[in-house]
Amino acid sequence: MASEASDSQATTPDRIAVWGLPVRIFHWALVLCVILNFFVLEEGRRQHRWVGYAASGLVLFRGVYGFLSPRVYERFETFWPTRKSVLAYLKLLREGRQPRTLSHNPLAALMMMALCALVLLLGLSGWMMSWDRFWGEEWLEDLHGLLANALITLSALHAVAALVEGYRHKENLVASMIHGRKRP
């Protein structure tokens with residue numbers, strides 16, 4: 001795969017390339033969109049709407065890329081959470097024996113999918129608020145706010161879990177989402 005061979009983040013003896021540049025850009029661009037729309041930009045303003053649409057576009061990109069990525073660790077088939085894999089992982093977690101994974105563990109995969117679903121639902125509910133049919137509908141505004149609060153809550157939980165899991169497995173997971181490499 002030429003794209004991987006030319007990647008400046010290539011595998012070294014002590015590190016393996018896990019997250020390619022497209023996934024890392026997706027991740028940090030989405031983080032920026034969420035922070036801007038929740039903490040900086042005024043609700044309902046043009047900038048808020050466009051950042052929300054950009055976040056939805058990023059998630060749609062990741063959805064497609066999850067099937068087409070040349071990197072095995074970025075493909076959904078590698079980490080798709082099944083009922084069986086989640087329950088097995090929870091059992092091992094309770095026993096303190098959860099395995100370290102190069103890609104997403106089953107709970108992290110569920111979190112990723114929940115976060116992406118929330119972003120898409122926020123984009124849809126925000127877009128619907130611009131329709132004449134739903135203009136000024138309080139239930140839709142309340143739903144949009146509830147989804148935004150759920151996204152921030154799960155995002156915070158995701159960040160804490162990355163720090164805790166990084167500590168438990170002696171690996172800086174935040175740094176791996178910056179440079180793209182993890183130890184084998």
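So that you can scan it fast, the table gives a plain yes or no per residue for (1) in contact with a Leu (Cβ under 6 Å, 6 or more places away or on another chain); (2) in a loop (DSSP other than H, G, I, E, B); (3) among the hydroxyl-bearing types (Ser, Thr, Tyr); (4) touching a residue at least 12 places away in the same chain (Cβ under 8 Å):
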{"residue": "Gln47", "(1), (2), (3), (4)": "yes, no, no, no"}
{"residue": "Val51", "(1), (2), (3), (4)": "yes, no, no, yes"}
{"residue": "Gly57", "(1), (2), (3), (4)": "no, no, no, no"}
{"residue": "Val64", "(1), (2), (3), (4)": "no, no, no, no"}
{"residue": "Phe67", "(1), (2), (3), (4)": "no, no, no, no"}
{"residue": "Pro70", "(1), (2), (3), (4)": "no, yes, no, yes"}
{"residue": "Pro81", "(1), (2), (3), (4)": "yes, yes, no, yes"}
{"residue": "Ser85", "(1), (2), (3), (4)": "no, no, yes, yes"}
{"residue": "Ala88", "(1), (2), (3), (4)": "no, no, no, yes"}
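Quick one: which of Ala17, Ala2 is among the hydrophobic types (A, V, I, L, M, F, W, C), modelled with pLDDT under 95 and exposed (fewer than 13 other Cβ atoms within 10 Å of the Cβ)?
Working: Ala17 fails: exposed (fewer than 13 other Cβ atoms within 10 Å of the Cβ).
When all the criteria are applied, what remains is Ala2.
Collect the residues in segment 126-136 that are outside any helix (DSSP H, G or I) and exposed (fewer than 14 other Cβ atoms within 10 Å of the Cβ), keeping them in residue-number order.
From segment 126-136, those outside any helix (DSSP H, G or I) are 129-131, 135-136; that's our starting set.
Across segment 126-136, the qualifying residues are Ser130, Trp131, Trp135, Gly136.
Give the residue that is surrounded by the most Cβ atoms within 10 Å (Cβ to Cβ), with candidates limited to residues of segment 150-167 that are farther than 17 Å from Ile35 by Cα and free of Cβ contacts under 8 Å to residues at least 12 places away in the same chain. Spell out how you get there, then give the answer.
So in segment 150-167, the residues farther than 17 Å from Ile35 by Cα come out as 161-167.
From what is left, the residues that are free of Cβ contacts under 8 Å to residues at least 12 places away in the same chain are 163-164, 166-167.
Details: Leu163: 13, Val164: 11, Gly166: 15, Tyr167: 11.
Applying the filter and picking the extreme gives Gly166.
Report whether or not Leu110 is out of contact with any strand residue (DSSP E or B) (no Cβ under 8 Å at 6 or more places or on another chain) and over 19 Å from Leu173 (Cα atoms). Before you say what the answer is, go through the steps one by one.
On the way: out of contact with any strand residue (DSSP E or B) (no Cβ under 8 Å at 6 or more places or on another chain): yes; over 19 Å from Leu173 (Cα atoms): no.
Considered against the rule, which asks whether it is out of contact with any strand residue (DSSP E or B) (no Cβ under 8 Å at 6 or more places or on another chain) and over 19 Å from Leu173 (Cα atoms), Leu110 comes out as no.
When the residues of segment 92-117 are filtered to those that are of a type in the set (Gly, Ala, Ser) and part of a loop (DSSP other than H, G, I, E, B), which remaining residue is modelled with the highest pLDDT? Give the derivation first.
Within segment 92-117, the subset of a type in the set (Gly, Ala, Ser) is 96, 103, 108-109, 114, 117.
With part of a loop (DSSP other than H, G, I, E, B) added as a condition, the list becomes 96, 103.
Details: Gly96: 89, Ser103: 92.
By that ranking, first place goes to Ser103.
Would you say Leu140 is in contact with a Phe, Trp or Tyr (Cβ under 8 Å, 6 or more places away or on another chain), free of Cβ contacts under 8 Å to residues at least 60 places away in the same chain and either over 16 Å from Val31 (Cβ atoms) or surrounded by 15 or more Cβ atoms within 10 Å (Cβ to Cβ) (or both)? Lay out the reasoning, then the answer.
On the way: in contact with a Phe, Trp or Tyr (Cβ under 8 Å, 6 or more places away or on another chain): yes; free of Cβ contacts under 8 Å to residues at least 60 places away in the same chain: yes; either over 16 Å from Val31 (Cβ atoms) or surrounded by 15 or more Cβ atoms within 10 Å (Cβ to Cβ) (or both): yes.
It is true that Leu140 is in contact with a Phe, Trp or Tyr (Cβ under 8 Å, 6 or more places away or on another chain), free of Cβ contacts under 8 Å to residues at least 60 places away in the same chain and either over 16 Å from Val31 (Cβ atoms) or surrounded by 15 or more Cβ atoms within 10 Å (Cβ to Cβ) (or both).
Looking for whichever is farther than 22 Å from Ser176 by Cβ, surrounded by 14 or more Cβ atoms within 10 Å (Cβ to Cβ) and aliphatic (A, V, I, L, M) here; the options are Ala55, Ala108. Which one fits? Steps first, answer last, please.
On the way: Ala108 fails: farther than 22 Å from Ser176 by Cβ.
Matching residue, one of Ala55, Ala108: Ala55.
What are the residue pairs meeting all of these: first residue in segment 112-128, first residue touching a residue at least 12 places away in the same chain (Cβ under 8 Å), second residue in a helix (DSSP H, G or I) and among the aromatic types (Phe, Trp, Tyr), Cβ atoms under 7 Å, and 6 or more apart or on different chains?
Every condition considered, the pairs that remain are Gly123/Tyr53; Met128/Phe134.
The values are calculated or read from the model by the stated rules, or taken from the named source; none is laboratory data. Keep in mind the model is a prediction, meaning the values are calculated, not measured. Ideal geometry is used to build each Cβ from the backbone, glycine not excepted, and the neighbour counts take in all protein chains shown.
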